Amino acid sequence: MTATNLPGQPHIAYQGNTLCMEGVALPDVAAQFGTPVFAYSKASMLSALAAYQRGFAGRKVQICYAMKANANLAVLQIFAKAGCGFDIVSAGELARVLAAGGQPEKIIFSGVGKTRAEMKQALELGIGCFNVESEAELEVLNDVAVSLQKKAPVSLRVNPNVDPKTHPYISTGLKGNKFGVAHERALQIYQRAAALPGLAVVGIDCHIGSQITEATPYLDAMDRVLDLVTDIEAAGIPIHHIDFGGGLGINYNGDTPPAADQLWQQLFAKLDARGFGDRQFMIEPGRSLVGNAGVCLSEVVFMKPGEQKNFCIIDAAMNDLPRPAMYQAFHQILPVTPREGQSTVVDVVGPVCESGDWIGRDRELNVQAGDTLAVLSAGAYCMSMSSNYNTRGRAAEVLIDGTHVHLIRERETAADTFKGEHLV
């Protein structure tokens, strides 16, 4: 049998007439675990991580996986064992990292709305750094640290006002975004941070957005951050690490983001030219590590022809795969066992009671009720953003490692969805 690899999906391929992930036939996964089910390739995750590691060879870099992309404990375990730290945005994510074997000193706590309770918990555990996103947060964190007789390690997330050229909902580095502190005020805020008794300034942070597919926004943001580091240190405040965030895109639909190692070759060339190449760096990739490692398998429930549209109704929905409804995002959709014959143009939609419950529009597919479809590039921001809307239990998740299939999340039952609720 011949293998037909898919663009951007090195560990997913047709073996003859069967779509496989690593050494496992995906129709067998659907049959064993039911649908919808998410399947993730361990080899794909480690391959994506290796590209970053190649780009950082000989440099002082700590990779912190941005776990909001996919927070399953088994996924976190893979990255923890590979030496990664973690970028978190809540106490719940902190608890997940610890449960998966992550080390507190390798945790970066980001997010615009950290509570006093979350700050206290993170300080008591000894996390590596707080990425502070406002002047108000700086003052509250100082109060919490003083009350615990500790010093909170901080970096400021600086908003460089650089356009990442991505979807506006996932752009984070423009003046109109809620994230970070204004570039123009950063020096004054650093001076305030350095004067507060409960804080220890350790770094500077910048994250401009997600699904970035070209190098120019990174280079522009880097220039602005390095200019600022020069000014801050001239004011007598040493910056021990520089955090460039994450945001590198993946190939969803002919997208051509630079490979991680190639991107960092360009970035280090600029860092070296400006005399910063020997600094300690932090980065926080998420989507680029897990996005193309995952597929969602879903059964075709009905084919519904219409006067203006033909519909392929599947058992996965916007609560399982929220990105199309939220961002008008594209996911490639393939049959796990292709049929011979003519295709029909259909909208692939779910059973949720919303017109926005669509997974793919105007797709050419030759499928029938009972067939299984694979929604590709579903490893990031799908399961982690899923919900129980319409009292739908969240899907099962499996991890594929060579020829081994591990159940890493059980499918939720209806009873699971209302556990904790009480009649009166």
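The values are calculated or read from the model by the stated rules, or taken from the named source; none is laboratory data. Quick caveat: nothing in here was measured; it's all calculated off a predicted structure. For neighbour counting, all protein chains shown are included, and Cβ atoms are generated from backbone atoms with ideal geometry for every residue, glycine included.
Applying the condition of being at positive phi and surrounded by fewer than 15 Cβ atoms within 10 Å (Cβ to Cβ) to the range 233-263 and asking which residue is modelled with the highest pLDDT yields GLY236.
Out of SER134, SER110, one residue alone is closer than 20 Å to VAL61 by Cα and within 24 Å of the chain's Cα centre (by Cα). It is SER110.
Looking only at residues of the range 389-424 that are in contact (Cβ under 8 Å) with a residue 12 or more places away in the chain and in a helix (DSSP H, G or I), we find that the one that is nearest to MET326 (Cα to Cα) is TYR389.
Within the range 29-74, the set of residues being crowded, with 23+ Cβ neighbours inside 10 Å, among the hydrophobic types (A, V, I, L, M, F, W, C) and under 30 Å from ILE313 (Cα atoms) comprises VAL29, VAL37, PHE38, ALA39, ALA69. Might you check whether a residue that is of a type in the set (D, E, K, R), out of contact with any Cys (no Cβ under 8 Å at 6 or more places or on another chain) and touching a residue at least 40 places away in the same chain (Cβ under 8 Å) occurs anywhere in the range 356-368? Scanning the range 356-368 turns up at least one residue that is of a type in the set (D, E, K, R), out of contact with any Cys (no Cβ under 8 Å at 6 or more places or on another chain) and touching a residue at least 40 places away in the same chain (Cβ under 8 Å). Quick one: in the range 332-351, which of the residues that are in a loop (DSSP other than H, G, I, E, B) and among the β-branched types (Val, Ile, Thr) is farthest from VAL24 (Cα to Cα)? Filtering first and then ranking leaves THR337. Residues that are over 28 Å from GLY275 (Cβ atoms), in a strand (DSSP E or B) and either in contact with a Ser or Thr (Cβ under 6 Å, 6 or more places away or on another chain) or not assigned by TED's automatic domain parsing to the domain that holds ILE400 (or both) do occur in the range 75-96. The number of residues in the range 126-136 that are touching a Pro at 6+ places or on another chain (Cβ under 9 Å) and surrounded by 15 or more Cβ atoms within 10 Å (Cβ to Cβ) comes to 4.
When we screen ALA378, ALA329 for residues that are assigned to a loop (DSSP other than H, G, I, E, B), within 29 Å of GLY209 (Cβ to Cβ), in contact with a strand residue (DSSP E or B) (Cβ under 7 Å, 6 or more places away or on another chain) and in the same structural domain as ASP28 (by TED's automatic domain parsing), the only hit is ALA378.
For the range 188-217, residues that are more than 19 Å from CYS64 (Cα to Cα) and part of a loop (DSSP other than H, G, I, E, B) total 6. Examine the range 115-124 for a residue that is in contact with a Lys or Arg (Cβ under 8 Å, 6 or more places away or on another chain) and farther than 15 Å from PRO153 by Cβ, and state whether such a residue exists. No, the range 115-124 has no match at all.
If you filter the range 174-196 down to residues that are of a type outside the set (Gly, Ala, Ser) and over 18 Å from ALA235 (Cα atoms), you find that the one that is modelled with the lowest pLDDT is LEU174.
Rundown of residues vs (1) touching a residue at least 60 places away in the same chain (Cβ under 8 Å); (2) touching a Leu at 6+ places or on another chain (Cβ under 6 Å); (3) not assigned by TED's automatic domain parsing to the domain that holds ARG157, yes/no style:
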site	(1), (2), (3)
GLN211	yes, no, no
ASP223	no, no, no
GLU233	no, no, no
PRO238	no, no, no
PHE244	no, no, no
PRO258	no, no, no
ARG274	no, yes, no
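Within the bounds of the range 373-390, is there any residue that is over 25 Å from LEU76 (Cβ atoms) and surrounded by 22 or more Cβ atoms within 10 Å (Cβ to Cβ)? Yes - at least one qualifying residue is present in the range 373-390. Selection of first residues in the range 369-388 that are without any contact (Cβ under 8 Å) to a residue 12 or more places away in the chain and of second residues that are of a type outside the set (Asp, Glu) and buried (at least 24 other Cβ atoms within 10 Å of the Cβ), restricted to Cβ pairs under 6 Å at least 6 apart or on distinct chains, gives an empty result. Annotation: of all residues in the range 97-110 being touching a helix residue (DSSP H, G or I) at 6+ places or on another chain (Cβ under 7 Å) and part of a strand (DSSP E or B), the one that is surrounded by the fewest Cβ atoms within 10 Å (Cβ to Cβ) is ILE107.
Which of the residues belonging to the range 111-142 are part of a loop (DSSP other than H, G, I, E, B), within 20 Å of GLU284 (Cα to Cα) and at pLDDT 95 or above? Matches in the range 111-142: LYS114, GLY126, ILE127, GLY128. Look at (1) surrounded by fewer than 21 Cβ atoms within 10 Å (Cβ to Cβ); (2) part of a strand (DSSP E or B); (3) of a type outside the set (Asp, Glu) and you find that THR230 fails only one, number (2).
From the list VAL336, VAL348, exactly one residue is in contact with a strand residue (DSSP E or B) (Cβ under 9 Å, 6 or more places away or on another chain), buried (at least 21 other Cβ atoms within 10 Å of the Cβ) and closer than 11 Å to PHE311 by Cβ. Which is it? Among VAL336, VAL348, only VAL348 is in contact with a strand residue (DSSP E or B) (Cβ under 9 Å, 6 or more places away or on another chain), buried (at least 21 other Cβ atoms within 10 Å of the Cβ) and closer than 11 Å to PHE311 by Cβ. In the set (1) without any contact (Cβ under 8 Å) to a residue 40 or more places away in the chain; (2) under 20 Å from ASP243 (Cβ atoms), the condition left unmet by VAL132 is number (1).
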